[in-house]
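Reviewing the structure listed below.
The values are calculated or read from the model by the stated rules, or taken from the named source; none is laboratory data. Here the structure is a predicted model, which means the values were calculated and not measured. Using ideal geometry, Cβ is built from the backbone for each residue, glycine included, and neighbour counts are taken over all protein chains shown. Heavy atoms of the whole protein, side chains included, go into the accessibility calculation; ligands, DNA and RNA do not. Shrake-Rupley method; radii C 1.70, N 1.55, O 1.52, S 1.80 Å.
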Amino acid sequence: MFTVLNQTLLCLCFPVSHSQITRLYSRFHSLDKGENGALSREDFQRIPELAINPLGDRIINAFFPEGEDQVNFRGFMRTLAHFRPVEDNEKNKDPTSGEPLNSRANKLLFAFRLYDLDRDDKISRDELLQVRESMFCTI
């Protein structure tokens, strides 16, 4: 159950308003075909914009920590925060890095991880070629 308290806590942790959280929760709930309060990769693959995006699989994978096959609403919000406009204020700090989730540094790290397929903290020539290939194959 999504309560006012949960909504308030999310506002404190992520750079969004109460109305934005309500809309995102509604979208999250509509994507949750298993109706279990979590999204699977398959739920994301049903989103038409991701299905046609050459980086769709990588974007989808960004929602799932390694070894996880579902993401709850908080994890969903955490990943979406990277797509918000850049903010450098104290309210939106990521407790693990000390920076806002949507800071330039965190956005850069998020983008880097989309290309670092084997998660070795390096983007190899092969990984870069895979991205190029996936982008040109969709044209």
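Once the stretch 42-96 is narrowed to residues that are at pLDDT below 85, part of a helix (DSSP H, G or I) and within 14 Å of the chain's Cα centre (by Cα), the residue that is farthest from ARG132 (Cα to Cα) is ALA81.
Across the stretch 30-41, the qualifying residues are those that are in contact (Cβ under 8 Å) with a residue 12 or more places away in the chain and part of a helix (DSSP H, G or I), and the one among them that is nearest to ASN106 (Cα to Cα) is ARG41. Output the residue which, of all residues in the stretch 1-41 that are open to solvent by less than 30 Å² (accessible area, probe 1.4 Å) and at pLDDT 80 or above, is nearest to GLN130 (Cα to Cα). This residue is SER40.
When the stretch 97-138 is filtered for residues that are among the charged types (D, E, K, R), open to solvent by 80 Å² or more (accessible area, probe 1.4 Å) and within 19 Å of ASP57 (Cβ to Cβ), the ones remaining, listed by number, are ARG113, ASP118, ARG119, ASP126, ARG132, GLU133.
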